[in-house]
Each structure stands twice: as C-alpha cells, then as structure tokens.
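**Student:** I have a structure I would like to understand better, so I am pasting it below and will then ask my questions one at a time.
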There are 2 protein chains.
Amino acid sequence: MSLKNMSRAELEEFYAAAEKEYEDLKAKGLKLDMSRGKPSTEQLELSRPMLDVLNSSTDMTDSDGIDTRNYGGLTGITEAKELFAELLGVRPSMIIVGGNSSLNLMYDSVQRAYNFGVYGGSKPWCKNEHVKFLCPVPGYDRHFGVTETFGIEMINVPLTKTGPDMDMVEKLVSSDPEIKGIWCVPMYSNPDGYTYSDETVTRFAKLKPAADDFRIFWDNAYCVHHLCDNGDTLLNIFDEAAKYGNEDMIFEFASTSKITFPGSGVAVICASENNVKHITKQLSMQNISYDKVNQLRHVRYFGNADGIKEYMKKHRDILAPKFDLVSSKLDKALGGLDILSFNVPNGGYFISVYTLNGCAKEVVKLCAEAGVVLTGAGASYPYKKDPDDSNIRLSPSYPTLDDLSQAMDVFTAAVKVASARKLLGR
Amino acid sequence: MSLKNMSRAELEEFYAAAEKEYEDLKAKGLKLDMSRGKPSTEQLELSRPMLDVLNSSTDMTDSDGIDTRNYGGLTGITEAKELFAELLGVRPSMIIVGGNSSLNLMYDSVQRAYNFGVYGGSKPWCKNEHVKFLCPVPGYDRHFGVTETFGIEMINVPLTKTGPDMDMVEKLVSSDPEIKGIWCVPMYSNPDGYTYSDETVTRFAKLKPAADDFRIFWDNAYCVHHLCDNGDTLLNIFDEAAKYGNEDMIFEFASTSKITFPGSGVAVICASENNVKHITKQLSMQNISYDKVNQLRHVRYFGNADGIKEYMKKHRDILAPKFDLVSSKLDKALGGLDILSFNVPNGGYFISVYTLNGCAKEVVKLCAEAGVVLTGAGASYPYKKDPDDSNIRLSPSYPTLDDLSQAMDVFTAAVKVASARKLLGR
C-alpha cells in the first residue's frame, strides 16, 4: 500500500515498525562502504595476468620500432591509438593516449581551454567575463568539481531516459555565447544508467553554438560496461557530427580504469584531427610522454577491441549479481510503498534512486549512523545541491554480495524511516 | 695558438683547412642526433629486471595493506614516499608521489599557483596584472616553456659556477612583488653542470620575498646522477629553510626518469606539510590517484635510497666514457685556439659549451647541414634568445661512442669554421 494513501494511524504503525527494524540493524555495528564506483578485489584479480605480459625478456619496441621505455611519443604508441580507435569507432589519428586517468585528461582539457583556448576559438575561455557550463543532472560529481574549481558557472539541465533535455540544451547553447561546454556521460550515465537515444546524439551532433569555442565533453566512461547480454547501444557522435561539419565540437574521453586496474589503466582523449593537433601543441609544454610501457602492456594483453569486449563479460559476471541483488532488495522491501523510484540499468556502475522530496540527506545520514557509508546526498548535482533533496547514488560494485545485502537492508530501513517521518511531518 | 692572435694570413690558412675538414666530414652523409638528454638503449637495458618485479603471483598490497591496483591514495603509497624522502633527505609527509613526469608536476604546480594560488598567498598569481619569474641562464628549455605558456615574464639571471647571481636574486626577489618564482636545477645544472654552493643554497633558504606567494622551483633532476667517484654535494635546502621559517617557500621536484625508464618512471614533488596539504586539496579535483602499481614496482625494485645510489653507478659506467670522449675531443681539436670554453661536469646529462659571441647559431646550422642534430642554439635561454649567441648544449648520452666520436668531429670542425668566419668578418 502506498504510504501516501495511509491513514495517520497506519502511518504511525508503519513508522514504529520501520524504526524498530532500523534500530535492530544499527545495533549490529556494521561498517560498510558503498560510496564510490570502485571495482571489487575480485574484479581486480581478473587482470592479474596482465602483470606477466611484459617481463625482462620482452621486446619493448612498438609497432613503429620505437623503444617504449624511452622519452618521446607524446600522443601515445601507434598500436594503442589503433586499439582505442577501434573500440570507439574513430580514426587512430583522432586518439591521444594519456596516462592513467581520464579525469586528469578532462581537467587538463578544461584547464587548457580556460587558460589558452581551444582550436578555432577567438580567445581563451578565461578572457570572458563569465563562463558557463551545462550540467545534465544528476551527473558525475567529479565533472562538476572540475568546472567549479575553475569558477565556471554550472547550469542544471534535466536528464531524461533519452538523455539531457535537448530542447533546453539547444536553446541555451545557441543563444548564450558564455556557455562553453556541457558534461555528458552518454552511455550508462553516472548515476542514472541511461543511454542517450539516437535522436539525442544526433541533436548534439548538429548543435549550433553561439560560442565559437564550445565543446561537448563526451565522457564515454562506460562504453563497454554492459550488465546484460543485450546492452544499450550508443550512436557514434563523430559520425553524426561529420555530417554537419561539427567534428571539432567534441572532446570524447574513455579509459581502462574499470577494465583493468583503476589506478593503473590507460586513458584516452578522442577528438578531430584539428583538435588533436592543437591539443598536442599545448600538451608539449606539459609533458614529454605518458607511460608508453603501460600502453604497450595493455595492447599486448587485449590484442584488439574484441579482446576488450570479450573481457568485459567477466566483469559482468561479477557485477550483474550485485545489481540484481540491489534491485530485488529494493523491490522486496519497498515495492508498492511509493516512496522510492529507480532505474535498473543495462550497464555502468550505479543504481540511482529517488526518495520522496526532502528525504535523501536524511536517508544518507541514517545509513551513516548505522555504519553504511553512501555517496553524499546531492553529490550528483553542481555545488552538491540537489534542489529536490531526492537523489541518492548507490554503488554496488565494491562490497561482497553478503556485505551488499546487509547494506541494502540498512538502506531500505532508512528509506522507510525517513519517508514516514516526512509524511508525519517530524 | 689563439685564433685571436693570428695574423690575417694565418687565419685565412686556418679557415681554409677548417673548411676542408668540415666539407670532408659533411661528405660522409652522417645522420646523428645529440639534441636531447635521452638515456641510451644500453642504459634502458639496465632496468629490464624491473619488469619482473611484479607478476601475476605478486602481493599487490602496499605497506599499509592498501591494494595498489584500485582507486585512491592520491598522494602515493607510503613506501614510495619513504623511499623518496630518504633519497631527498626530507620527511615522508613532505612527499607527493606523482605520475611518470616531473615536468608535468612542475607544469601543474605553475598552473595551480597561476589559477588558484599557493598556500599562504593572498590571491592566485593570475589576479596580478603582471607575473614574473627569475630564470638563471643558461637553463632548462622546458622550464622556460612552461612559464612562457602562462604568459609569465622571464627575467634572466646569470648562472655562475656557484649558482645563480645571488646578489641579483636577493635584490629582485625582495623588492618586486610581481616576481612569483625562480627556476633552479641546483645540482649538475642543465646545461652547465654546476652545483649550487652551500652559500648559494643558504642564501636561497633565507630569501625574503616581497611577494607573499613566491616559490623556488627546485628541480633536483640530477640528485644522484654522478659521473665520478667524488661527485658534487648539495646542501639540503629544506634543512636550511627551516632555520629561517621558510620551508613553505620551496617546491622540490625529482624523478626516476633517468634512473629507470624515462617514459615510465615515477616523479615526486617535495614540499612543506602546509604546501602538501594545500596541493593535495587542489589535486583532488584533478586526479583520483596516480599509478600506484608503478610506484610499488619501483620501491620493490630498489628497496631503499642506497639501492638507487648503488644502481646509479651502472649508469655512470655507461655515461662517463661518453663525457670523457666529448671533453677529450674538444681539448684535442680546439685546445689553445681560444674559441670555445666549457665545463667538465661531475654529473648530470650535458656539456655546455660557449663559442665566440655570435657563433652558436652558425655552429648548430653547420652541424645540421653535416647531419648532426644539436639542441637549437639559444634553447637554454628564455624565449630561445641567447643574448651572446654563444651557448650550445651538448647531450652525449644517447649516441654510441662511435657515433658520438663522429658527431664531435663534425662539431669541432664546425666551431673552427664558424669562429674563423667570425674573426674574418665573413
């Protein structure tokens, strides 16, 4: 029965039961962390054999005959460019292979645009009195951290099941030259797990920005991170953009952080040749080369894009049961109560839930007091401000199934308590 | 006999002989590169066993029990901090272990100071109408590239055998609040190979900057890179600075780029705890963690600082004969002619030579035309402008002894030709 349809007496009864359930769980003194999208140790173990790929008897030259151990090769080794180009469906000349962190590549891309400008732009972003970014919400907290750091004003755009509200995006981008970028996680979005529809991608590809230095930050973090056999598909934005002469408008990012080792993977930026040339020049002031040995290690381990796609099934086998557990726990404990909604995604790392308005902070607080650390409420919004105080990002990847099960019990109890309090006006 | 004391007829004769020598060498059609301080393949081979240190059966947890393969640990693993702290004679709490590039750490340090400010500073550097850096010359071209990129005005300070002209440094730093930093390579300076004297280090340590956000960029790139048994010693600037309450004034940098693999080493920034805390907060917007697996690989390979120091003797055995060859070739071909001066360094990667004023570009051009690529004349000066057109940086590390010998023949012939032309007014 929906809590909203309950009489006051029924609600009081529900609340008392929920309180008891919660207090009993709290008494267990749990200590569980499901705050970040961190792969589990079991997943890390999958990549152990990668540590054997290069050893003291290995030929360390790349396919161009260059010694990967020495300085040079700022944009990465050829076979790594080819591997990621195949994976992302672009030309190898569109790839710069970076270090271990796509976040760092994104930060650097904002930093360079801010201080020095982008290809085709008339001046650096910082020479504008005011700089704005569109932020589909909820979104990835670290994206918003980057733009906030540079003092860039962030404007919320609602994310729907088909992607950002494109009417709003088109209207704002085409009319306001102070808008210089938009953060997108187009596939298995963080945290909702939505994949942008073909129409959305196409509308992005044909945007007509008022600014001459606008960029779409296309963070394709979960491009091969399916949780089921028939995963989502994402239209190739570069193919679409080429039709409208808009290839220069896109910076795409990806990494192997959630494929091999999160701290020791390989990240890439993918962009038009004009952009790559421009970025490479700016980058040459910053670095001599990224870790080409690790690039070689990854390429030799996977061979090709199919090697990566096949490999991801092993991750899925570990992750899918955790996502199933979360959604079945939510259904079982809260189904029909009408106090929590969520999407069961086909891939990615998160399950994003929506409490009654004004309850998210309370739920996170109750969970913390019972020993279960969640991502902070509001974290998925610019300035950490969820206007509805409703969204919570659940990260099921790191805990074991047992721990996750206990954590979800705490979580559902906390949702019941907070919702009842809200409806009772306490 | 000194060229300057020759009669015109003697000089003409000398020139004709030099021209012939040069043309004969040019006819050989050489193709040699001694433009950068790149370790040779033989040196890279020294570190091959490092590729076996971590394999699929290795325990991948660090000394704190943290899995190095996963996200987290932004400032590096504890044992890596301890290793570099021991090497640099500082506290582990003063170390942030970064990625593969100290240049990148320096660039980032300038970028953060420029956009967001340093610990204790009243505002970001960019909020000043004008920002200046002192640049001891000749110096490292990539340092100057970083400051030039950010539009920071660079002021030349002469480098002497004991370090920068400290009278000038003290006067400028204490009087001009627009001066926000100075680039230093205090040990085996790039390119001259001088090590700052104790007095110089002490005077740096007690600087009283007019700016509240001044930083010494102490690039200790060659701290263990001796070429002889009794290498130079450098006073520990942090120990000295502590005496004057000036520890916050210093950013020190180092890396294993010229110890293990240049493209795949580990770099560090070393600074006071106040700075480390401040930097870490800024850094947390940029990166989740650097490559901790590679940090672990390095620590397990070397064990401790003595392990690194011992290891460097193997590099010395390869490098010292090359430096000896260069200096003996210079002595033999040009000794007594009074047209070239140079320092034979006790360590580092370069031999810096000084031609007659106005001859450096000509020498580099002549060498290039005969197939020997040198570092561009002027590269060691801000804006690539050597006011005397006299300095050339020779990098003997990469070529084989045979190639180096041929390259030096071309070089000395080119010096003779250019000098004679200069003195003959051609």
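The values are calculated or read from the model by the stated rules, or taken from the named source; none is laboratory data. Only a predicted model underlies this, so the values are computations on that prediction, with no experimental measurement involved. Glycine also receives a Cβ, built like all others from the backbone with ideal geometry; neighbour counts cover every protein chain displayed.
**Student:** Within the set of pairs 6 or more residues apart or between chains, which connect a residue that is over 12 Å from B:His298 (Cβ atoms) and more than 10 Å from chain A (Cβ to nearest Cβ) inside the stretch B:251-267 to a residue that is assigned to a loop (DSSP other than H, G, I, E, B) and of a type outside the set (Ser, Thr, Tyr) with Cβ atoms less than 6 Å apart?
**Tutor:** Within 6 Å, the pairs are B:Phe251/B:Ala271; B:Glu252/B:Asn220; B:Ala254/B:Asn220; B:Ala254/B:Cys223.
Matching residues to (1) aromatic (Phe, Trp, Tyr); (2) at pLDDT 95 or above:
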| site | (1), (2) |
| --- | --- |
| A:Tyr301 | yes, yes |
| A:Lys314 | no, yes |
| A:Leu325 | no, yes |
| A:Val344 | no, no |
| A:Gly347 | no, yes |
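**Student:** Let me ask something additional. Determine if the stretch A:345-366 includes at least one residue that is under 17 Å from the mean Cα position of the chain (by Cα) and assigned to a helix (DSSP H, G or I).
**Tutor:** Looking through the stretch A:345-366, none of the residues is under 17 Å from the mean Cα position of the chain (by Cα) and assigned to a helix (DSSP H, G or I).
**Student:** Among the residues that make up the stretch B:304-312, is at least one of them closer than 22 Å to B:Val110 by Cβ, surrounded by 17 or more Cβ atoms within 10 Å (Cβ to Cβ) and not assigned by TED's automatic domain parsing to the domain that holds B:Glu10?
**Tutor:** no
**Student:** Which condition breaks for A:Val268 when tested against (1) in a helix (DSSP H, G or I); (2) in the same structural domain as A:Gly117 (by TED's automatic domain parsing); (3) buried (at least 21 other Cβ atoms within 10 Å of the Cβ)?
**Tutor:** The number of the failed condition is (1).
**Student:** Follow-up. Looking at (1) within 14 Å of chain B (Cβ to nearest Cβ); (2) of a type in the set (Gly, Ala, Ser); (3) on the phi < 0 side of the Ramachandran plot, which is the only condition A:Gly73 fails?
**Tutor:** (3)
**Student:** Could you look through the stretch B:28-48, keep only residues that are at the interface with another protein chain (Cβ under 8 Å from one of its Cβ atoms) and not in a loop (DSSP other than H, G, I, E, B), and pick out the one that is surrounded by the fewest Cβ atoms within 10 Å (Cβ to Cβ)?
**Tutor:** B:Thr41
**Student:** Just to be sure I understand the filter: pairs with C-beta atoms under 9 Å, separated by 6 or more residues or on different chains, first member in the stretch B:5-34 and more than 16 Å from B:Thr412 (Cα to Cα), second member of a type in the set (Val, Ile, Thr). Which pairs pass?
**Tutor:** From the stretch B:5-34, the pairs are B:Lys31/B:Val372; B:Lys31/B:Val373.
**Student:** Kindly indicate whether B:Ala368 is crowded, with 22+ Cβ neighbours inside 10 Å and hydrophobic (A, V, I, L, M, F, W, C). Break it down stepwise before answering.
**Tutor:** Values: crowded, with 22+ Cβ neighbours inside 10 Å: no; hydrophobic (A, V, I, L, M, F, W, C): yes.
Taking the combined requirement at face value, the residue does not satisfy it.
**Student:** OK, next. Being surrounded by fewer than 18 Cβ atoms within 10 Å (Cβ to Cβ) and within 11 Å of chain A (Cβ to nearest Cβ): is that true of B:Ser2 here?
**Tutor:** no
**Student:** Let me ask something additional. From the list A:Val118, A:Val131, which residue is touching a Gly at 6+ places or on another chain (Cβ under 8 Å) and among the β-branched types (Val, Ile, Thr)? Reasoning before the result, please.
**Tutor:** Working: A:Val118 fails: touching a Gly at 6+ places or on another chain (Cβ under 8 Å).
Residue meeting the stated conditions: A:Val131.
**Student:** Filter the stretch B:379-403 down to residues that are part of a helix (DSSP H, G or I) and over 21 Å from the mean Cα position of the chain (by Cα) and give me whichever is surrounded by the most Cβ atoms within 10 Å (Cβ to Cβ).
**Tutor:** Once the filter is applied, the top-ranked residue is B:Asp403.
**Student:** Kindly list the number of the only condition in (1) part of a helix (DSSP H, G or I); (2) at pLDDT below 95 that fails for A:Gly263.
**Tutor:** Result: A:Gly263 fails condition (1) only.
**Student:** Related question: Give just the number: which of (1) buried (at least 23 other Cβ atoms within 10 Å of the Cβ); (2) of a type in the set (A, V, I, L, M, F, W, C); (3) within 14 Å of chain A (Cβ to nearest Cβ); (4) touching a Lys or Arg at 6+ places or on another chain (Cβ under 8 Å) does B:Leu51 not satisfy?
**Tutor:** Of (1) buried (at least 23 other Cβ atoms within 10 Å of the Cβ); (2) of a type in the set (A, V, I, L, M, F, W, C); (3) within 14 Å of chain A (Cβ to nearest Cβ); (4) touching a Lys or Arg at 6+ places or on another chain (Cβ under 8 Å), only one is false for B:Leu51: (4).
**Student:** List, please: which pairs have Cβ atoms under 8 Å, are six or more places apart or on different chains, and start with a residue in the stretch B:333-350 that is farther than 17 Å from B:Thr412 by Cα and end with one that is polar (S, T, N, Q)?
**Tutor:** B:Asn346/B:Thr195; B:Asn346/B:Asn230; B:Gly347/B:Thr195; B:Gly348/B:Ser189; B:Gly348/B:Asn190; B:Tyr349/B:Asn190; B:Tyr349/B:Ser395; B:Tyr349/B:Ser397
**Student:** Another question, then. Which number in (1) closer than 19 Å to B:Ile250 by Cα; (2) more than 22 Å from the chain's Cα centre (by Cα) marks the one condition that B:Ser109 misses?
**Tutor:** All conditions are met except number (2).
**Student:** Which of the residues that make up the stretch A:319-331 are without any contact (Cβ under 8 Å) to a residue 40 or more places away in the chain and closer than 18 Å to A:Leu3 by Cβ?
**Tutor:** Result: A:Asp331, single match.
**Student:** Can you tell me which condition A:Asp24 does not meet? The list is (1) under 29 Å from A:Lys322 (Cα atoms); (2) away from every other protein chain (no Cβ under 14 Å); (3) outside any helix (DSSP H, G or I), and all the others hold.
**Tutor:** Tallying (1) under 29 Å from A:Lys322 (Cα atoms); (2) away from every other protein chain (no Cβ under 14 Å); (3) outside any helix (DSSP H, G or I), A:Asp24 fails exactly one: (3).
**Student:** Kindly list, by first and then second residue, each pair from a residue in the stretch A:133-161 that is not assigned by TED's automatic domain parsing to the domain that holds A:Tyr188 to a residue that is in a loop (DSSP other than H, G, I, E, B), limited to pairs with Cβ atoms under 7 Å and residues at least 6 apart or on different chains.
**Tutor:** Close Cβ pairs satisfying both conditions: none exist.
**Student:** In the list B:Ile308, B:Ile318, which residue meets the criterion of being farther than 19 Å from B:Asp232 by Cβ and within 20 Å of the chain's Cα centre (by Cα)? Give the derivation first.
**Tutor:** Working: B:Ile308 fails: farther than 19 Å from B:Asp232 by Cβ.
B:Ile318 is the lone residue from the list that is farther than 19 Å from B:Asp232 by Cβ and within 20 Å of the chain's Cα centre (by Cα).
**Student:** Output the number of the condition that B:Lys171 fails; it satisfies all remaining conditions of (1) free of Cβ contacts under 8 Å to residues at least 24 places away in the same chain; (2) in contact with an Asp or Glu (Cβ under 9 Å, 6 or more places away or on another chain).
**Tutor:** (2) is the only condition that B:Lys171 fails.
**Student:** Sticking with this structure for a sec: Quick check on my filter: what residues within the stretch B:228-249 are touching a Phe, Trp or Tyr at 6+ places or on another chain (Cβ under 9 Å) and either surrounded by 24 or more Cβ atoms within 10 Å (Cβ to Cβ) or without any contact (Cβ under 8 Å) to a residue 40 or more places away in the chain (or both)?
**Tutor:** Matches in the stretch B:228-249: B:Leu235, B:Ile237, B:Glu240, B:Ala241, B:Glu247, B:Met249.
**Student:** What is the one condition in (1) assigned to a helix (DSSP H, G or I); (2) within 13 Å of another protein chain (Cβ to nearest Cβ) that A:Gln286 does not satisfy?
**Tutor:** Every condition holds for A:Gln286 apart from (1).
**Student:** Return yes when A:Lys416 is at pLDDT 95 or above and either surrounded by fewer than 23 Cβ atoms within 10 Å (Cβ to Cβ) or of a type in the set (Ser, Thr, Tyr) (or both) and no when it is not.
**Tutor:** Values: at pLDDT 95 or above: yes; either surrounded by fewer than 23 Cβ atoms within 10 Å (Cβ to Cβ) or of a type in the set (Ser, Thr, Tyr) (or both): no.
No: the conditions fail for A:Lys416.
**Student:** Can you name every residue in the stretch A:54-65 that is free of Cβ contacts under 8 Å to residues at least 12 places away in the same chain, in a loop (DSSP other than H, G, I, E, B) and more than 7 Å from chain B (Cβ to nearest Cβ)?
**Tutor:** A:Ser57, A:Asp59, A:Gly65, listed by residue number.
**Student:** Which one is farthest from B:Ile318 (Cα to Cα), of the residues in the stretch B:215-260 that are among the charged types (D, E, K, R) and assigned to a loop (DSSP other than H, G, I, E, B)? Before you say what the answer is, go through the steps one by one.
**Tutor:** The first filter runs over the stretch B:215-260 and keeps only residues among the charged types (D, E, K, R), leaving B:215, B:219, B:229, B:232, B:239-240, B:243, B:247-248, B:252, B:258.
With assigned to a loop (DSSP other than H, G, I, E, B) added as a condition, the list becomes B:229, B:232, B:258.
On the way: B:Asp229: 14, B:Asp232: 19, B:Lys258: 13 Å.
This residue is B:Asp232.
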